[in-house]
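Heads up, the thing below is written out as structure tokens.
The values are calculated or read from the model by the stated rules, or taken from the named source; none is laboratory data. Since this is a predicted model, take the numbers as computed values, not measurements. Quick reminder, even Gly has a Cβ in these numbers, built from the backbone with ideal geometry, and neighbours come from all protein chains shown.
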Amino acid sequence: MFENLTNRLSDIIRNISGHSRLTEKNIKDAVHEVYIALLDADVSLSVVRIIISKITKHALGKTINREFTPGQELIKIVKHELTLTMGDANSKLNFAVQPPAVILMLGLQGTGKTTSVGKLGKFIKTKHKKKVLTVSTDIYRPAAIQQLEKLAQEAGIDFYPSHKQEKPIDIVNSALKQAKIQFYDVLIVDTAGRLHIDDSMMNEIKKLHVAVNPIETLLVVDAMTGQDAANIAVIFNKILPLTGVVLTKVDGDARGGAALSIRHLTGKPIKFLGVGEKTDALEPFYPDRIASRILGMGDVLSLIDDIKNTANQVQTQKMAIKLKKGYKFDLNDFQEQLKQIRNMGGMNNMLNKIPGMNQLSDNIKLQMDNKVTARMEAIINSMTLEERAKPEIIKGSHRRRIASGSGVQVQDINFLLKQFNDMQRIMKKIKNGGVMKIMRNIKGIMLPGFPNS
């Protein structure tokens with residue numbers, strides 16, 4: 001989401017790093033470039049002005065630590081202000097109420113609201129160990145109720161059936177009664193979206209809000225709409241007492257303006273980021289970590305969380321034992337690594353969290369595309385068991401057969417084997433295994449296309 005902004009800010013910091021110290025002139029020049037970069041990222045003008053004012057004040061004031069280089073000092077100041085703009089800490093869900101804790105989800109149509117209900121339900125069940133029930137009050141959009149039912153099934157949470165002939169207020173009252181009888185910890189209510197904000201929609205949501213008295217009222221907004229997402233949040237916040245925002249589609253071609261504008265304009269925190277289509281593609285929003293990503297500093301803490309939460313611990317342990325015993329890392333192991341990368345949101349999601357990855361060339365980034373890892377898996381699936389266990393036997397005729405079987409070119413087979421060989425060399429260096437040791441070798445291990453340095 002922040003790629004363009006990250007690249008612009010990295011260039012600005014790189015330019016000022018060429019100076020021996022911060023001066024009034026180079027500070028003003030750099031701050032002006034930051035101003036333009038934020039506007040290009042579709043950040044609200046009022047928010048940009050406040051950020052720039054604070055950056056300028058700190059950079060020109062007495063808070064400058066002369067032990068830092070100009071680039072380091074500017075990064076420190078900009079990161080601090082970006083973090084405060086988005087909120088100084090992660091805002092957790094509130095469950096401090098007599099069960100069931102009701103979460104009301106609302107937003108415009110097409111923002112990914114229903115998908116977010118499924119993701120949030122799975123998150124609450126997995127992270128908080130709560131018994132979750134979901135219900136849809138969307139009687140207007142075709143198949144909306146069936147969509148939530150399917151998502152709930154995929155997420156491993158419960159679904160309360162409703163019908164389009166029922167009134168939304170009756171649906172939610174029945175679901176709340178059922179949640180109490182069956183001792184659910186959480187009830188998540190999916191409401192109807194609209195293509196635009198109108199009185200009838202708002203009146204309906206107001207009635208639902210009164211009926212269920214939610215502990216959390218979360219607005220789902222599309223990051224792709226940029227500054228408009230923040231403006232929509234402002235309108236909803238005037239009508240209903242929002243407790244937070246879920247920002248979706250951040251894995252798309254969004255410019256980041258919504259993330260940097262919403263908190264200041266509404267006073268409400270962004271609580272979650274939707275980072276993909278799968279039911280586990282939901283991340284808690286940490287302002288300081290996002291600020292680090294924006295500045296190209298990565299987000300290793302979130303990456304560690306991803307690994308801990310999605311890595312197959314059984315497979316990881318098996319691989320550690322295998323390496324300890326001196327067995328070779330083969331293509332079956334490599335395929336397992338690719339699957340774990342996919343489960344963590346794919347290579348692109350990981351790239352955003354690794355320090356310095358914004359400096360990779362476009363050619364390297366293309367090699368990291370999620371489609372490339374999917375193609376690698378398809379290639380391995382086309383190999384025989386012997387070829388997977390003994391990659392060294394894969395010669396010219398083998399490569400042509402595998403290419404034909406997986407629908408790719410021979411050069412794709414060559415590419416995969418090169419990445420595998422790089423991974424194999426690295427695995428020899430970490431025979432003791434373990435997540436933290438893997439993290440210390442993250443550039444070589446988790447990036448099958450990353451060139452060795």
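Side notes on the structure shown:
- Total residues in region 78-106, condition under 26 Å from the mean Cα position of the chain (by Cα), under 25 Å from Lys129 (Cβ atoms) and modelled with pLDDT of 85 or more: 10
- Residue in region 61-77 that is small (Gly, Ala, Ser), over 19 Å from the mean Cα position of the chain (by Cα), surrounded by 16 or more Cβ atoms within 10 Å (Cβ to Cβ) and at negative phi present: yes
- Tabulated pairs, region 98-119, first assigned by TED's automatic domain parsing to the domain that holds Thr225, second surrounded by fewer than 23 Cβ atoms within 10 Å (Cβ to Cβ) and among the small types (Gly, Ala, Ser), C-beta under 6 angstrom, 6+ apart or interchain: Gly107/Gly193; Leu108/Gly193; Gln109/Gly193; Lys113/Gly193
- Among residues of region 125-145 being in contact with a strand residue (DSSP E or B) (Cβ under 9 Å, 6 or more places away or on another chain) and either among the β-branched types (Val, Ile, Thr) or surrounded by fewer than 16 Cβ atoms within 10 Å (Cβ to Cβ) (or both), the one that is nearest to Ala101 (Cα to Cα) is Val132.
- Residue match in region 147-162 (condition: over 22 Å from Leu240 (Cβ atoms) and without any contact (Cβ under 8 Å) to a residue 12 or more places away in the chain): yes
- The C-beta contact set for region 330-341 (first residue free of Cβ contacts under 8 Å to residues at least 60 places away in the same chain, second residue outside any helix (DSSP H, G or I), distance under 6 angstrom, 6+ apart or interchain) comprises Gln340/Ala311.
- Here region 146-182 is the region considered, the condition is being hydrophobic (A, V, I, L, M, F, W, C) and surrounded by fewer than 18 Cβ atoms within 10 Å (Cβ to Cβ), and the residue that is farthest from Pro214 (Cα to Cα) is Ile181.
- Lone qualifier among Arg400, Arg375, Arg440, Arg425 - being among the basic types (Lys, Arg) and at pLDDT below 65: Arg440
- With respect to the conditions (1) in contact (Cβ under 8 Å) with a residue 60 or more places away in the chain; (2) within 20 Å of the chain's Cα centre (by Cα), Lys127 lacks only one, and its number is (1).
- Answer residue from region 1-40, given it is of a type in the set (Gly, Ala, Ser) and modelled with pLDDT under 80 and is nearest to the chain's Cα centre (by Cα) among those: Ser10
- Some residue of region 224-231 being in the same structural domain as Lys119 (by TED's automatic domain parsing), under 30 Å from Ala37 (Cα atoms) and either in a loop (DSSP other than H, G, I, E, B) or modelled with pLDDT of 85 or more (or both): yes
Here is a yes/no grid of residues against (1) at pLDDT below 90; (2) touching a Phe, Trp or Tyr at 6+ places or on another chain (Cβ under 6 Å):
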{"residue": "Leu108", "(1), (2)": "yes, no"}
{"residue": "Leu120", "(1), (2)": "no, no"}
{"residue": "His128", "(1), (2)": "no, no"}
{"residue": "Lys131", "(1), (2)": "no, yes"}
{"residue": "Ser136", "(1), (2)": "no, no"}
